[in-house]
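Data block below; observations after.
Just so it is clear, none of the values below were taken in a lab; they were calculated from the coordinates. Small disclaimer: the values here were computed from a predicted structure and weren't measured. Glycine also receives a Cβ, built like all others from the backbone with ideal geometry; neighbour counts cover every protein chain displayed.
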Amino acid sequence: MFELSQLRCFVAVAEELHFGRAAERLHLTQPPVSRQIQVLERVLDVALLNRTSRAVRLTPAGRRFLVEARRILRLSDEAAATARRVASGQAGSVTLGFTAAAAYRTLPDLVRAARVRLPEADILLKEMVSAAQAEALGAQAIDLGLMRPPLPPAADGSLRIARETLVAALPDDHSLAAGEGVTAEAVAAEPLIAYAPDEARYFHDLVGDYFAESDLSPRAVQHLAQIHTILSLVRSGLGLALVPESAASLRVAGVTLRPLIPAPRRPVELFLVWRRGNDNPLIPIIAELAASMPELN
């Protein structure tokens, strides 16, 4: 099999039609260039050049082989450049898991920053609940995850990138929507659209803890997992709900968000997590971008 160095010598001679000029172009002396082409012709078992004391001409086979030699060298250079870009984190791909609520504000901001910093990289997004992300991270099915606490053992690298509070969601025409804030007692006195303990355990526990601090036990009329679905049912008048303040980004018509009185002690947190053993060079760059994002207030 021929070598790339032989192709480079052949292309130089074929383009210059002069061994001396080709050698100068390659920063070599003429004898090594001649030997490389002789070896190439022997490997191919075909004459590529017609040589005389006065001129060098390409044979028909040489003219055709020049096209392919140029293509091979171009592909070789592109492969090397791509490998260097991937190694430096400029290219390649990274798979990012995220919860539905993370898509309200944090995920778009992070993806926008990544597209600016890494225009050649592919960011593959997978929407999953935190528990599914934990399994996927352990199975190396995702590189990074945007998930809620508690963080799984596989997430031995983590960064908190969002911290916000719960607020009350009410229909626009509800009497409580006119005030500046809503007390825990007032919310507990109304039907509550709550979070499913199996599919939205994190928010289920946050809401439960909030009411427990005031010794209140609201009456849950529905248990759901997705915040946008909960807000739709709030709009219908089925009940009130507690949602993260970033839900305001959804701009659900007919729904008003109001601060809770007293404010919840436990914040709503979102973490970027990864495995330290994952050598994907894009991971530290995504983490750096996430660290530079302002926290939600």
Debye intensity ratio I(q)/I(0), log10, region 208-290, q values 0.24 Å⁻¹ (C-alpha model): -1.26
The farthest towards the positive end of the charge dipole of the chain, of the residues Ala83, Ser158, Pro264, given +1 on Cβ of Lys and Arg and -1 on Cβ of Asp and Glu, is Ala83
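Which whole-number percent gives the relative contact order of region 128-264, counting Cα pairs below 8 Å spaced six or more residues apart? Don't skip to the end; give the middle numbers.
Numbers: 209 pairs, mean separation 47.1, N = 137.
Relative contact order here is 34 percent.
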MRE, 222 nm, helices only [DSSP H, n ≥ 4, -39500 (n - 2.57), over the chain, to nearest 500]: -13000 deg cm²/dmol
Against the 2.2 N^0.38 Å scaling, with N counting residues, where does the chain land? I'd like the Cα-based Rg ratio to two decimal places. 1.67
Length-normalised contact order of region 79-145 in % [C-alpha pairs under 8 Å, at least 6 apart]: 44 percent
Within the chain: Cβ-based charge dipole about Cα centre, in debye rounded to nearest 20 (Lys, Arg +1; Asp, Glu -1): 2120 debye
Name the most mobile residue of Gln140, Gln30, Gln226, meaning the one with the largest mean-square fluctuation, in a Gaussian network model of the chain with Cα contacts below 10 Å. Gln30
To the nearest 20 debye, what charge dipole does region 193-297 have about its Cα centre, counting +1 at the Cβ of each Lys and Arg and -1 at the Cβ of each Asp and Glu? 280 debye
Collect residues whose amide H, placed 1.01 Å from N in the peptide plane, falls under 5 Å from the amide H of Val268; neighbours closer than 5 in sequence don't count. Glu164, Thr165, Leu166
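Around Glu24, what is the net charge, scoring Lys/Arg as +1 and Asp/Glu as -1 over all other residues with Cβ under 15 Å from its Cβ? Walk me through the numbers before you get to the answer.
Details: positive: Arg8, Arg21, Arg25; negative: Glu15, Glu16.
Taking every Cβ under 15 Å from that of Glu24, the sum is +1.
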How much length is gained on full extension from Asp122 to Gln140, taking 0.36 nm per residue of separation minus their Cα-Cα distance? 4.8 nm
Rg(Cα) of region 103-212 divided by 2.2 N^0.38 Å? 1.37
Under the Debye formula (equal points on every Cα, no solvent term), log10 I(q)/I(0) of region 1-102 at q = 0.11, 0.16 Å⁻¹: -0.44, -0.72
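Which helices count as membrane-span-like in the chain under these terms: full DSSP H, at least 24 Å along the axis by C-alpha, Kyte-Doolittle mean of -1.0 or more?
Working: long enough: 60-87 (41 Å, -0.21).
Membrane-span-like by this rule: 60-87.
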Checking Gly20, Gly277, Gly181 against a Gaussian network model of the chain (alpha-carbon springs below 10 Å), the top fluctuating residue turns out to be Gly20
Taking the Cα centre of the chain as the origin and placing charges on Cβ (Lys, Arg +1; Asp, Glu -1), which of Pro284, Ile142, Phe19 is farthest toward the positive end of the dipole? Phe19
The chain: most fluctuating residue of Ser236, Ser249, Ser34 per GNM, C-alpha cutoff 10 Å: Ser34
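When only C-alpha pairs under 8 Å and at least 6 residues apart count, what is the relative contact order of the chain, in percent? Intermediate results must be reported in sequence, preceding the final value.
Working: 493 pairs, mean separation 61.8, N = 297.
Averaging sequence separation for qualifying contacts and normalising by length gives 21 percent for the chain.
Can you sort Phe211, Phe98 from fewest to most other Cβ atoms within 10 Å of each residue's own Cβ? Intermediate values should be presented prior to the final figure.
Details: Phe211 18, Phe98 24.
If I rank by nearby Cβ atoms, fewest first, I get Phe211, Phe98.
Can you bin region 166-266 into rounded, prolate or oblate? Criterion: square roots of the alpha carbon gyration tensor eigenvalues sorted a ≥ b ≥ c, rounded for a/c under 1.5, prolate for a/b above b/c, oblate for the rest.
rounded
So if I place +1 on the C-beta of Lys and Arg and -1 on the C-beta of Asp and Glu, and nothing else carries charge, what would the dipole magnitude of region 4-87 be about its Cα centre? I want it in debye, nearest 20. Please report the intermediate quantities before stating the final value.
Numbers: 15 positive and 8 negative charges, 21 e Å.
Value, rounded to 20: 100 debye.
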Between Gln222 and Val46, what is the spin-label point distance in nm, taking each point 7 Å from the Cα along the Cα→C-beta axis? 7.2 nm
